[in-house]
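Participant: Got a structure for you, written out below as structure tokens; questions coming shortly.
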Amino acid sequence: MPHVTGPAVVPRPLRLQQLSDQPFVLVPGIAVVAPDPAAREAAERLATLVGGSVRATAAPDAAAFRLRLLGPADDERYPPTDPAGGEEALPTLPTGESDEELPAGAEAYRLHVHADGVDVDARTPAGLGHAVTTLAQLLTGTSGGAWTLPAVLVVDAPRFTWRGLSIDVARHFVRVADLDVVIDLMADHKLNVLHLHLTDDQAWRIDLPSRPELVRRSSGASVGGDPGGHYTAEDYARLVAHAAARGIVVVPELDVPGHVNAALHAYGELSPSGRPTDEYLGIDVGFSRLTAALPATDAFLHDVFRDVAAMTPGSYVHIGGDEVQGMASDEYAALVGTAAAAVRAAGKQVVGWQEIATTPLEPGTVVQYWDVHADPAPFVAAGAAGARLLLSPGDRTYLDMKYHPGYPLGLEWAGHVELRDSYDWEPATLLPGLPAEAVLGVEAAVWTETLRTLDDLTTMLLPRLAAVAEVAWSAPDRRDWEDFRTRVAALGARWDAAELSWYPSPQVDWQR
Ligand code: ACM
């Protein structure tokens, strides 16, 4: 595939056509016209970006941004982007001046920059949001000088409906303000699922009404004795709302039946001894477990999954299921089955790490692949039997892996992951024998054993998050490493301007 010259948009759009050499020059205070109230969020973001003002109607002759949503602005019609959302009922957009049909899908958008302004069309607020993100990458200018946009036509839609980032807020607590930064960064890369790994051996980070001791006893610290914390119901609701405003769905994970020392520390009844375990702030894995035979276990699973589901407007709840060592397979299957049943009873769909594929699964269950050294046969069989696979291969998408040996942050048990490793892989053929239609999407993950600050976190995310985002968004015939490394080079200056810490991979000639 030839290199792209011209505007550097990441992830690469389905179609980007340069229409002329004459850029569109933005006047100060340019109108952002958004007649539909449901377009308001995207319009406000765009207005902030270009120093414009949001209006419901256009002045007759002035150049403007015009944001168009088809249909009425009721919430039924325009929920926050949700990978579970059906797309059958979506209206077809009329063709614009450009004569380019909008591609299928709730998140598709079309944007046309021409002499009279910029026309943006989409079916949903999420689609408009993606258009604004593209516009942000197309804008060039200097402070004090005029901002310009190249005259382009962009027609775009994602390849996968699930484009996620998982963040471990258990090993090190991540404050709401820092998660807000990460949410905006996700939107900058057109990601749409924020998976929060809320519990582990070290801590339980979400306050649930049925089990107040979880955060009272088990959230005060992080790995190594670093400061801890937890999310109140209000904190969580604010996070969910901020994410929804960016077109991102939150998927909460309560990790069971292993990785549960924080729960056993809070509630002694969950251990065979009847006594609370000690707090654990190390980084070993695999040593803690629930016990199916204990009377308290079933009630615990039902209560915590009911509570977290009730706080979560999205369609999915993650039950964990990983790295349970030394448990008989029938006990493991029973505990996974109880957790999954509790999630389904609360009206949600079940997500679990790949190990759950060894248990009987309901069709539609989402199996999250992570350990590339495991025998893939159970995941392939699960996919063939109706499960959906979410791909997070550790040697590609675990963004807490060191970039290279000796890198000061991160771990290396899944390998060293440079930018190209995160980019150069193909979801459809990753698991030989898996039906391509069983692949639901791609998710990056960042585990926080060694990551203590927002700077640590973004240094591991950037630039690799851009690579994973393009794997998830762009069709295989639009993806090429040489082309990507040219486009991603332009993002460094943007991360600098946003005062984000990032890793200047030597694989890219950064523009800074
Ligand atoms: C995992 O990395 N234990 C899911």
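The values are calculated or read from the model by the stated rules, or taken from the named source; none is laboratory data. Since we're looking at a predicted model, the values are computed, not measured. As a convention, Cβ positions derive from the backbone with ideal geometry for all residues, glycine included, and neighbour counts pool all protein chains shown.
Participant: Give Val215, Val260 a once-over and let me know the one that is surrounded by fewer than 24 Cβ atoms within 10 Å (Cβ to Cβ) and β-branched (Val, Ile, Thr).
Facilitator: Checking each option against the conditions leaves just Val215.
Participant: Let me ask something else. Looking at the stretch 372-419 only, could you name the residues that are within 12 Å of the ligand (Cβ to nearest atom), closer than 18 Å to Thr448 by Cα and free of Cβ contacts under 8 Å to residues at least 24 places away in the same chain?
Facilitator: Hits for the stretch 372-419 are Met401, Trp413.
Participant: Something else: Does the stretch 449-458 contain any residue that is more than 16 Å from the ligand (Cβ to nearest atom), within 20 Å of His172 (Cα to Cα), surrounded by 23 or more Cβ atoms within 10 Å (Cβ to Cβ) and of a type in the set (A, V, I, L, M, F, W, C)?
Facilitator: Yes: the stretch 449-458 contains one or more residues that are more than 16 Å from the ligand (Cβ to nearest atom), within 20 Å of His172 (Cα to Cα), surrounded by 23 or more Cβ atoms within 10 Å (Cβ to Cβ) and of a type in the set (A, V, I, L, M, F, W, C).
Participant: Among Asp298, Asp303, Asp322, which is the only one that is within 16 Å of the ligand (Cβ to nearest atom) and either acidic (Asp, Glu) or in contact with a Leu (Cβ under 8 Å, 6 or more places away or on another chain) (or both)?
Facilitator: Numbers: Asp298 fails: within 16 Å of the ligand (Cβ to nearest atom); Asp303 fails: within 16 Å of the ligand (Cβ to nearest atom).
Exactly one residue qualifies, and that residue is Asp322.
Participant: Please go through (1) modelled with pLDDT of 95 or more; (2) away from the ligand (no atom under 16 Å from the Cβ); (3) surrounded by fewer than 24 Cβ atoms within 10 Å (Cβ to Cβ) for Gly364 and return the number of the only condition it doesn't satisfy.
Facilitator: If we test Gly364 against (1) modelled with pLDDT of 95 or more; (2) away from the ligand (no atom under 16 Å from the Cβ); (3) surrounded by fewer than 24 Cβ atoms within 10 Å (Cβ to Cβ), just (1) comes out false.
Participant: Here are Ala328, Ala310: which of them is farther than 15 Å from Asp255 by Cα, out of contact with any Gly (no Cβ under 6 Å at 6 or more places or on another chain) and free of Cβ contacts under 8 Å to residues at least 24 places away in the same chain?
Facilitator: Ala328
Participant: Something else about it: Identify the single condition in (1) of a type outside the set (Asp, Glu); (2) away from the ligand (no atom under 14 Å from the Cβ); (3) crowded, with 17+ Cβ neighbours inside 10 Å; (4) within 21 Å of Val260 (Cβ to Cβ) that Gly314 does not satisfy, given that it satisfies every other one.
Facilitator: Against the list (1) of a type outside the set (Asp, Glu); (2) away from the ligand (no atom under 14 Å from the Cβ); (3) crowded, with 17+ Cβ neighbours inside 10 Å; (4) within 21 Å of Val260 (Cβ to Cβ), Gly314 comes up short only on (4).
Participant: Could I ask something else about it? Hey, among the residues in the stretch 196-235 that are in a strand (DSSP E or B) and touching a Gly at 6+ places or on another chain (Cβ under 9 Å), which one's nearest to Thr297 (Cα to Cα)?
Facilitator: Here the residue is Thr199.
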